[in-house]
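The values are calculated or read from the model by the stated rules, or taken from the named source; none is laboratory data. Quick caveat, the model's predicted, so the values are computed rather than measured. Cβ placement follows ideal geometry from the backbone for every residue including glycine, while neighbour counts extend to all protein chains displayed. Heavy atoms of the whole protein, side chains included, go into the accessibility calculation; ligands, DNA and RNA do not. Shrake-Rupley method; radii C 1.70, N 1.55, O 1.52, S 1.80 Å.
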Amino acid sequence: VGIQLILNSLVDEKIGCIASLDEIEAVGHRVVHGGEKFNQSVVITPEVKEMIVKCVELAPLHNPANLKGIEAIEQTLPSVPQVAVFDTAFHQTMADEDSIYPIPYEYTTKYGIRRYGAHGTSHQYLSQEGMKYLSGKEHTKVITCHIGSGASIAAIYDGKCVATSMGLTPLAGIMMGTRTGDMDPSVLKFCCTFENKTIDEMYDIFNKKSGLLGVSGVSNDSRDIMTAIENGNERAKLAYKL
(Lines give C-alpha, C1' and ligand atoms only; values in the text may rest on other atoms or scores of the structure.)
Protein backbone atom coordinates (compact mmCIF):
# COMPACT_ATOMS: atom_id res chain seq x y z
CA VAL A 1 0.00 0.00 0.00
CA GLY A 2 2.81 2.41 0.87
CA ILE A 3 4.70 1.79 -2.38
CA GLN A 4 1.51 2.22 -4.40
CA LEU A 5 0.83 5.53 -2.65
CA ILE A 6 4.31 6.74 -3.60
CA LEU A 7 3.92 5.66 -7.22
CA ASN A 8 0.48 7.26 -7.45
CA SER A 9 1.90 10.50 -6.06
CA LEU A 10 4.70 10.52 -8.64
CA VAL A 11 2.20 10.53 -11.53
CA ASP A 12 -0.49 12.65 -9.85
CA GLU A 13 -1.62 15.51 -12.14
CA LYS A 14 -1.25 18.13 -9.37
CA ILE A 15 1.73 17.04 -7.30
CA GLY A 16 3.46 14.47 -9.50
CA CYS A 17 6.85 14.91 -11.18
CA ILE A 18 6.56 12.38 -14.01
CA ALA A 19 3.90 11.80 -16.65
CA SER A 20 3.98 8.01 -16.52
CA LEU A 21 5.50 5.17 -14.49
CA ASP A 22 7.21 4.18 -17.74
CA GLU A 23 9.67 7.01 -17.06
CA ILE A 24 11.08 5.12 -14.07
CA GLU A 25 14.25 3.41 -15.26
CA ALA A 26 15.47 1.98 -11.95
CA VAL A 27 14.48 1.77 -8.28
CA GLY A 28 16.90 1.97 -5.34
CA HIS A 29 16.26 0.48 -1.90
CA ARG A 30 18.07 1.22 1.34
CA VAL A 31 18.56 -2.20 2.95
CA VAL A 32 19.87 -2.15 6.51
CA HIS A 33 21.83 -5.39 6.80
CA GLY A 34 23.86 -7.12 4.13
CA GLY A 35 26.02 -9.25 6.42
CA GLU A 36 29.50 -10.16 5.20
CA LYS A 37 28.32 -10.69 1.64
CA PHE A 38 27.92 -7.09 0.46
CA ASN A 39 30.50 -4.30 0.63
CA GLN A 40 28.85 -2.18 -2.08
CA SER A 41 25.50 -1.56 -3.75
CA VAL A 42 24.24 -4.38 -5.98
CA VAL A 43 21.54 -5.05 -8.56
CA ILE A 44 18.82 -7.08 -6.86
CA THR A 45 18.52 -10.67 -8.04
CA PRO A 46 16.82 -13.72 -6.48
CA GLU A 47 20.20 -14.58 -4.92
CA VAL A 48 20.50 -11.09 -3.39
CA LYS A 49 16.98 -11.36 -1.98
CA GLU A 50 17.90 -14.70 -0.45
CA MET A 51 20.91 -13.12 1.29
CA ILE A 52 18.72 -10.29 2.60
CA VAL A 53 16.37 -12.91 4.05
CA LYS A 54 19.32 -14.63 5.75
CA CYS A 55 20.18 -11.31 7.41
CA VAL A 56 16.69 -10.79 8.87
CA GLU A 57 17.85 -11.98 12.29
CA LEU A 58 20.57 -9.34 12.20
CA ALA A 59 18.10 -6.50 11.50
CA PRO A 60 14.66 -7.72 12.59
CA LEU A 61 13.08 -4.26 12.54
CA HIS A 62 14.28 -3.38 9.04
CA ASN A 63 15.15 -6.17 6.63
CA PRO A 64 11.60 -7.64 6.51
CA ALA A 65 10.20 -4.22 5.61
CA ASN A 66 12.97 -3.69 3.05
CA LEU A 67 12.02 -6.98 1.41
CA LYS A 68 8.36 -5.95 1.27
CA GLY A 69 9.35 -2.81 -0.62
CA ILE A 70 11.42 -4.79 -3.09
CA GLU A 71 8.63 -7.29 -3.70
CA ALA A 72 6.05 -4.52 -4.09
CA ILE A 73 8.13 -2.95 -6.87
CA GLU A 74 8.56 -6.38 -8.49
CA GLN A 75 4.79 -6.67 -8.70
CA THR A 76 4.14 -3.10 -9.81
CA LEU A 77 7.14 -2.48 -12.09
CA PRO A 78 8.31 -6.00 -13.00
CA SER A 79 10.62 -4.95 -15.83
CA VAL A 80 12.44 -2.20 -13.92
CA PRO A 81 15.86 -3.10 -12.41
CA GLN A 82 16.26 -2.59 -8.67
CA VAL A 83 19.37 -1.83 -6.64
CA ALA A 84 20.03 -2.52 -2.96
CA VAL A 85 22.15 0.01 -1.05
CA PHE A 86 23.30 -1.58 2.23
CA ASP A 87 23.70 0.30 5.49
CA THR A 88 26.43 -2.12 6.52
CA ALA A 89 28.56 -1.83 3.37
CA PHE A 90 30.42 1.35 4.35
CA HIS A 91 31.71 -0.27 7.54
CA GLN A 92 33.29 -3.24 5.75
CA THR A 93 36.63 -1.38 5.78
CA MET A 94 37.05 -1.88 9.53
CA ALA A 95 40.08 -3.95 10.51
CA ASP A 96 39.56 -7.35 12.11
CA GLU A 97 40.68 -6.07 15.50
CA ASP A 98 37.92 -3.44 15.32
CA SER A 99 35.16 -5.77 14.18
CA ILE A 100 35.82 -9.21 15.71
CA TYR A 101 34.20 -10.05 19.05
CA PRO A 102 36.14 -11.80 21.85
CA ILE A 103 34.12 -15.01 21.55
CA PRO A 104 35.39 -18.46 20.49
CA TYR A 105 36.84 -17.77 17.06
CA GLU A 106 34.97 -20.63 15.42
CA TYR A 107 31.71 -18.78 16.16
CA THR A 108 33.04 -15.81 14.21
CA THR A 109 33.98 -17.86 11.17
CA LYS A 110 31.09 -20.34 11.31
CA TYR A 111 28.24 -17.90 11.87
CA GLY A 112 29.63 -14.57 10.68
CA ILE A 113 29.27 -13.06 14.15
CA ARG A 114 31.14 -9.73 14.11
CA ARG A 115 30.60 -5.99 14.22
CA TYR A 116 28.86 -4.84 11.04
CA GLY A 117 27.65 -1.35 11.98
CA ALA A 118 24.68 0.39 10.41
CA HIS A 119 23.58 3.79 9.03
CA GLY A 120 26.45 3.44 6.56
CA THR A 121 24.82 5.54 3.85
CA SER A 122 24.42 8.37 6.35
CA HIS A 123 27.95 8.07 7.79
CA GLN A 124 29.50 7.98 4.32
CA TYR A 125 27.66 11.14 3.26
CA LEU A 126 28.45 12.93 6.51
CA SER A 127 32.14 12.06 6.24
CA GLN A 128 32.27 13.33 2.66
CA GLU A 129 30.72 16.61 3.78
CA GLY A 130 33.02 16.82 6.78
CA MET A 131 36.12 16.33 4.66
CA LYS A 132 35.25 19.47 2.70
CA TYR A 133 36.37 21.40 5.78
CA LEU A 134 39.68 19.52 5.87
CA SER A 135 41.01 20.23 2.38
CA GLY A 136 44.80 20.29 2.28
CA LYS A 137 45.17 17.83 5.12
CA GLU A 138 47.44 14.87 4.38
CA HIS A 139 45.10 12.64 6.35
CA THR A 140 41.50 13.31 7.32
CA LYS A 141 39.92 12.22 10.59
CA VAL A 142 36.17 12.68 10.97
CA ILE A 143 33.71 11.61 13.67
CA THR A 144 30.18 11.22 12.28
CA CYS A 145 27.01 11.08 14.37
CA HIS A 146 23.76 9.68 13.00
CA ILE A 147 21.18 11.02 15.43
CA GLY A 148 17.60 9.78 15.55
CA SER A 149 15.43 7.15 17.19
CA GLY A 150 18.13 4.81 15.92
CA ALA A 151 21.54 6.38 16.51
CA SER A 152 25.18 5.54 15.89
CA ILE A 153 28.64 7.07 15.80
CA ALA A 154 31.52 6.30 13.45
CA ALA A 155 35.21 7.16 13.10
CA ILE A 156 36.32 7.85 9.54
CA TYR A 157 40.01 7.94 8.53
CA ASP A 158 40.83 9.11 5.01
CA GLY A 159 37.25 8.49 3.94
CA LYS A 160 37.10 4.92 5.26
CA CYS A 161 35.31 3.69 8.36
CA VAL A 162 37.70 2.41 11.04
CA ALA A 163 35.24 2.09 13.96
CA THR A 164 31.52 2.38 14.63
CA SER A 165 29.24 2.03 17.63
CA MET A 166 26.63 -0.38 16.26
CA GLY A 167 27.61 -4.03 16.21
CA LEU A 168 26.30 -7.35 14.97
CA THR A 169 22.86 -5.73 14.80
CA PRO A 170 21.47 -2.19 15.16
CA LEU A 171 20.72 -3.00 18.81
CA ALA A 172 24.30 -2.21 19.84
CA GLY A 173 26.06 1.05 20.58
CA ILE A 174 24.62 4.13 22.23
CA MET A 175 21.19 4.23 23.90
CA MET A 176 18.41 4.90 21.38
CA GLY A 177 14.70 5.63 21.17
CA THR A 178 13.56 2.06 21.86
CA ARG A 179 16.86 0.12 21.83
CA THR A 180 19.16 -0.55 24.76
CA GLY A 181 22.52 0.03 23.13
CA ASP A 182 25.57 -1.65 24.68
CA MET A 183 25.38 -3.28 28.10
CA ASP A 184 26.59 -6.31 30.06
CA PRO A 185 25.41 -9.45 28.19
CA SER A 186 24.36 -10.87 31.56
CA VAL A 187 21.46 -8.39 31.65
CA LEU A 188 19.71 -10.53 29.02
CA LYS A 189 20.09 -13.68 31.13
CA PHE A 190 18.90 -11.97 34.31
CA CYS A 191 15.89 -10.35 32.65
CA CYS A 192 14.84 -13.63 31.01
CA THR A 193 15.14 -15.42 34.37
CA PHE A 194 13.35 -12.83 36.50
CA GLU A 195 10.59 -12.15 33.95
CA ASN A 196 10.24 -15.80 32.91
CA LYS A 197 10.58 -14.84 29.25
CA THR A 198 12.33 -16.51 26.35
CA ILE A 199 15.41 -15.00 24.75
CA ASP A 200 13.31 -14.07 21.70
CA GLU A 201 10.73 -12.29 23.86
CA MET A 202 13.36 -10.32 25.76
CA TYR A 203 15.27 -9.57 22.56
CA ASP A 204 12.09 -8.01 21.20
CA ILE A 205 11.75 -5.91 24.36
CA PHE A 206 15.38 -4.76 24.11
CA ASN A 207 14.71 -3.70 20.51
CA LYS A 208 11.25 -2.17 20.75
CA LYS A 209 10.48 -1.23 24.37
CA SER A 210 13.78 -0.08 25.86
CA GLY A 211 15.97 3.03 25.44
CA LEU A 212 14.25 6.38 25.96
CA LEU A 213 10.85 4.69 25.93
CA GLY A 214 11.74 2.00 28.42
CA VAL A 215 13.48 4.24 30.93
CA SER A 216 11.06 7.17 30.78
CA GLY A 217 7.83 5.19 30.39
CA VAL A 218 6.71 8.16 28.30
CA SER A 219 7.93 7.96 24.71
CA ASN A 220 10.81 7.25 22.36
CA ASP A 221 10.45 10.82 21.03
CA SER A 222 12.81 13.31 22.67
CA ARG A 223 10.23 16.06 22.24
CA ASP A 224 7.80 14.15 24.43
CA ILE A 225 10.60 13.54 26.93
CA MET A 226 11.36 17.27 27.15
CA THR A 227 7.68 18.07 27.72
CA ALA A 228 7.53 15.45 30.49
CA ILE A 229 10.65 16.96 32.09
CA GLU A 230 9.00 20.38 32.11
CA ASN A 231 6.08 18.75 33.93
CA GLY A 232 8.41 17.33 36.57
CA ASN A 233 8.59 13.71 35.42
CA GLU A 234 11.65 12.25 37.19
CA ARG A 235 11.95 9.18 34.97
CA ALA A 236 11.93 11.43 31.92
CA LYS A 237 14.81 13.40 33.51
CA LEU A 238 16.74 10.16 34.06
CA ALA A 239 16.13 9.04 30.46
CA TYR A 240 17.36 12.41 29.20
CA LYS A 241 20.54 12.17 31.28
CA LEU A 242 21.17 8.65 30.00
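Computed values, structure above
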item	result
Cβ-based net charge around Ser152, under 13 Å, with every Lys or Arg adding one and every Asp or Glu removing one	0
Angstrom value of the Kirkwood radius, inverse mean 1/r, which spans all Cα pairs in the chain	20.2 Å
Mean Cα-pair separation over length for the chain, i.e. relative contact order, pairs under 8 Å, 6 or more apart, %	13 percent
Linear extension gain, Thr108 paired with Cys191, 0.36 nm per residue minus alpha-carbon span	27.3 nm
Fraction of accessible area attributable to carbon and sulfur, the chain (%, probe 1.4 Å)	55 percent
Å² per residue, accessible surface of the chain at 1.4 Å	60 Å²
Total lysine pairs under 28 Å (Cα atoms) in segment 64-199, excluding pairs fewer than 8 apart on one chain	8
Relative contact order (%) - criterion: Cα under 8 Å, at least six apart; region: segment 1-121	30 percent
